[in-house]
1. Could you look through segment 66-91, keep only residues that are in contact with an Asp or Glu (Cβ under 7 Å, 6 or more places away or on another chain) and within 17 Å of Leu130 (Cβ to Cβ), and pick out the one that is surrounded by the fewest Cβ atoms within 10 Å (Cβ to Cβ)?
2. Take the residues in segment 255-280 that are over 20 Å from Gln363 (Cα atoms) and small (Gly, Ala, Ser), then tell me which one is surrounded by the most Cβ atoms within 10 Å (Cβ to Cβ).
3. Identify, by number, the condition in (1) surrounded by fewer than 19 Cβ atoms within 10 Å (Cβ to Cβ); (2) touching a residue at least 24 places away in the same chain (Cβ under 8 Å); (3) farther than 15 Å from Leu65 by Cβ that Asp115 doesn't meet.
4. Hand me the list of helices (runs of 4 or more DSSP H) wholly inside segment 186-250 holding 2 or more residues that are more than 24 Å from Tyr327 (Cα to Cα) and either touching a residue at least 60 places away in the same chain (Cβ under 8 Å) or within 24 Å of the chain's Cα centre (by Cα) (or both).
5. Scan segment 312-323 and give yes if some residue there is in contact (Cβ under 8 Å) with a residue 12 or more places away in the chain, in a helix (DSSP H, G or I), among the basic types (Lys, Arg) and closer than 27 Å to Ile264 by Cα, otherwise no.
6. Can you pull out the residues in segment 118-143 that are aliphatic (A, V, I, L, M) and under 19 Å from Glu68 (Cα atoms)?
7. Can Gly238 be described as at pLDDT 95 or above, within 30 Å of Thr301 (Cα to Cα) and surrounded by fewer than 20 Cβ atoms within 10 Å (Cβ to Cβ)?
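The values are calculated or read from the model by the stated rules, or taken from the named source; none is laboratory data. This structure is a prediction, so every number in the text was calculated from the model and none was measured. Positions of Cβ are generated from backbone atoms using ideal geometry, with glycine treated the same way; all protein chains shown enter the neighbour counts.
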Amino acid sequence: MWIAHQFGRRSPYGCGTTPEGGRRPPSVAVPRYRGTVESTPTVEIEQRGEIGILTLQRPRALNALDLEMVEVLAAALERWERDDSIRAVVLRGGGDRGFCAGGDVRGLYETLIGDHPEQVEAFFRAEYALNARIAEYRHPIVAFADGITMGGGIGLAGHASHRIVTERSMLAMPETRIGFTPDVGGSWLLGRAPGRVGEYLALTGNTVGPADAITAGLADHHVPSVRLEGLLSALEDGADLDSAIQAVATEPAPGTLTGEREWIDVAFAQPTVAEIVEALRGRPENAARATAAHLGTLPPTALAVTLEAVRRARKLPDLRATLAQEYGLVLWFGTTQPDLVEGIRAQLVDKDRSPRWNPAPGQELPADLLDQAYGFTPPTPLWG
């Protein structure tokens with residue numbers, strides 16, 4: 001869950017505003033949904049014909065999620081799941097910079113240093129339940145992953161039935177960079193990427209564009225951003241969902257993953273992080289050696305746990321089992337490991353970009369590290 005801003009912080013904008021503070025054009029602004037769930041300043045809930053539309057409305061915060069947003073999204077989906085007049089739901093972000101930059105890391109930081117583990121548990125339980133609901137939803141969910149879509153944003157868009165990227169899309173699970181591990185079902189998605197692309201993206205936290213997102217299995221279709229409103233209008237008018245998407249979909253500009261698969265698949269198949277780095281250093285490709293150097297700056301604990309997480313996720317039966325695994329890891333990191341707080345401090349609080357990892361890169365990890373991480377039992381179970 002890569003987070004951009006503070007838990008509980010509210011956008012200064014009400015429903016239907018743009019990042020610049022102007023009103024949304026009439027073609028976009030529509031009446032609120034009038035069921036048992038109402039729009040809030042940060043989540044716009046609409047129904048247009050047979051289409052439910054959920055718009056994240058924190059554009060200045062790149063639509064970063066807080067607990068209230070998660071709860072409102074879940075309530076709207078629960079209401080519509082019982083509604084036979086709804087045939088599909090569209091999930092999108094307000095503003096033109098991103099769908100969702102993730103969850104709320106600054107808030108997580110304050111909660112952790114304030115020693116409020118119950119608040120951490122409450123947020124992750126709610127968020128993971130939302131991720132599972134999206135994956136298991138009765139109606140099709142069309143996610144417009146337009147612009148920045150990272151961490152918790154992947155947890156929303158990545159589990160939708162129809163995942164659309166645009167020429168502006170930038171997707172990533174960058175958690176290792178703050179001493180954390182991919183969650184929100186990210187290890188489930190990455191564990192099903194082709195070859196060893198999942199390990200590569202999970203460990204490096206690298207950002208991919210639309211073509212590479214499709215290659216990695218994080219998205220299904222590329223639609224130019226200028227065609228999204230037309231697609232939505234076609235759905236409102238009753239067009240068949242799959243046909244409507246195919247009518248506006250195009251081939252994205254080429255990415256780089258396909259051409260890099262040889263060294264990625266060889267190096268990231270190695271059994272340990274140290275052996276992955278050694279294999280990368282021995283490759284002739286500049287990108288491989290640059291990746292080795294990058295991994296050498298990241299926290300060894302997060303890298304080791306994340307490598308194991310992706311590989312275990314490949315063997316798990318379903319998303320719920322993977323979310324349960326991630327839930328235990330998240331609380332283990334948050335309550336027993338110093339790197340998460342230190343990583344957030346360096347990246348988002350003091351912004352000195354000089355985290356002091358413990359242990360530091362190059363230092364030996366405890367022999368029982370993985371046993372500690374995967375043997376951790378959360379005080380409150382995720383499910384049940």
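1. Asp66
2. Among them, the one singled out is Ala267.
3. (2)
4. Working: elements: 186-190, 197-204, 210-215, 228-236, 241-248.
In segment 186-250, the matching helices (runs of 4 or more DSSP H) lie at 210-215, 228-236, 241-248.
5. So far as segment 312-323 goes, yes, one or more of its residues are in contact (Cβ under 8 Å) with a residue 12 or more places away in the chain, in a helix (DSSP H, G or I), among the basic types (Lys, Arg) and closer than 27 Å to Ile264 by Cα.
6. Val120, Ala122, Ala126, Ala129, Leu130, Ala132, Ile134 - these are the residues of segment 118-143 that are aliphatic (A, V, I, L, M) and under 19 Å from Glu68 (Cα atoms).
7. When the stated conditions are applied, Gly238 does not pass them.
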